Amino acid sequence: MNAPSSPGARTDYRSVFISDTHLGTRGCRSDFLADFLRRTSCQHLFLVGDIIDGWRLRKSWYWDDSHDEVLRLILRQARAGTEVTYIPGNHDEMFRQWLPLGLEIAGIRLRREAVHLTAAGKRLLVIHGDEFDSVVRYAKFLALLGDWAYSVALTFNRYFNAIRRRLGYPYWSLSAWLKYQVKEAVKAIDRFESALAGEARRRGFDGVVCGHIHHAEMREVNGVLYINDGDWVESCTALVEHHDGRLELVDWAALNRLSFFAPRQAGLPQPA
C-alpha cells in the first residue's frame, strides 16, 4: 500500500471500483468518499451497487452537503472523460427497471453487470453480487430485518465510540466484530465468495469484482481472482487498477489517518 499522499496531491489510476456507499444514510462516510474522489482520477470508474440507499430513503430522508459533493465529483469525472458505469445493487434496485433501456445519464452508463479488461489482460466480471445472496434473493423480509439490525448496530456504535473517545480509546466497529464472531455469518461470507468465483469461472472470466457484503477482500478462490471492494460505511475501501494492470485494495481512512470520530463535512476531513 502506498504512503499517504499530501492533501493537494492527486493520484491517477487506470480504473477505480467503489460500492456500498449507501448515500442517504447517517452511516455513510460521504466526507471520506468525497475526499477520495477529489484526490483521484481514472479512465474507468465503476459504481458497483448500493450507491444510493433507496431502502433507507423510503423510510426517512437524510442528505447533507458531503452527499451532494460526492455526486458532483462523480459527474465532474464523467464530464472530464472518465467512463463511468453504474451497476445497481439491491439497495438502489429502483434503477434496475431502467436497465433494459440501456440508458446513459449525464455520461453515466447504467448496466446490470460489466466486463473489464485490465491492462495486464485479465477479464473481470463486475457485478454487485446480491443475486448470489440467498437471503436477499429468496427471503427479502429477512434481508430487510438484517438491514434494520445493521442500522441499529451502527447507531449503537456512534454512542459507544463517543464514550471510547472520551476514555482515549480508538474507534471500534461493533458490526464488523459481530460479523467475525458469528460462525454462520463467516460461513455465509465463504459461500458468497465461492458462488461469485464459481460464476466467474463458469463464464470464462479470470476474476470477479463485487460488493454487497461490506467485506473488502482480494484472494484466489478455486483458481479465480475474487475481489470485493468493501464499503464506505465502516471500512472506506476501494479497488484500484494501476496503469500496469496491478490491482490494489486501498483503505482510504487508514492510508490517510482519517478519524471516524471527526464530524462529517463536505471538505477534507482532518487527520486523526
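At a glance:
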quantity: Pairs, first within 12 Å of LEU37 (Cα to Cα) in the range 233-244, second basic (Lys, Arg) and assigned to a strand (DSSP E or B), C-beta under 8 Å, six or more apart; calculated: none
quantity: Breaking point among (1) touching a His at 6+ places or on another chain (Cβ under 8 Å); (2) among the aliphatic types (A, V, I, L, M); (3) farther than 24 Å from LEU125 by Cα, for ILE52; calculated: (3)
quantity: Test result for GLY107, modelled with pLDDT under 95 and on the phi > 0 side of the Ramachandran plot; calculated: yes
quantity: Close pairs from the range 92-118: first part of a strand (DSSP E or B), partner surrounded by fewer than 16 Cβ atoms within 10 Å (Cβ to Cβ) and among the basic types (Lys, Arg), Cβ under 8 Å, at least 6 apart; calculated: VAL115/ARG123; HIS116/ARG123; LEU117/ARG123
quantity: Test for ARG203: is it surrounded by fewer than 17 Cβ atoms within 10 Å (Cβ to Cβ), modelled with pLDDT of 95 or more, more than 21 Å from VAL250 (Cβ to Cβ) and more than 20 Å from the chain's Cα centre (by Cα); calculated: yes
quantity: Residues (under 15 Å from THR21 (Cβ atoms) and in contact with an Asp or Glu (Cβ under 9 Å, 6 or more places away or on another chain)) located in the range 231-252; calculated: ASP231, TRP232, VAL233, SER235, CYS236, THR237, ALA238, LEU239, TRP252
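The values are calculated or read from the model by the stated rules, or taken from the named source; none is laboratory data. Note that this is a predicted model, so its numbers are computed, not measured. Reconstructed Cβ throughout: ideal geometry from the backbone, glycine too, with neighbour counts over all protein chains shown.
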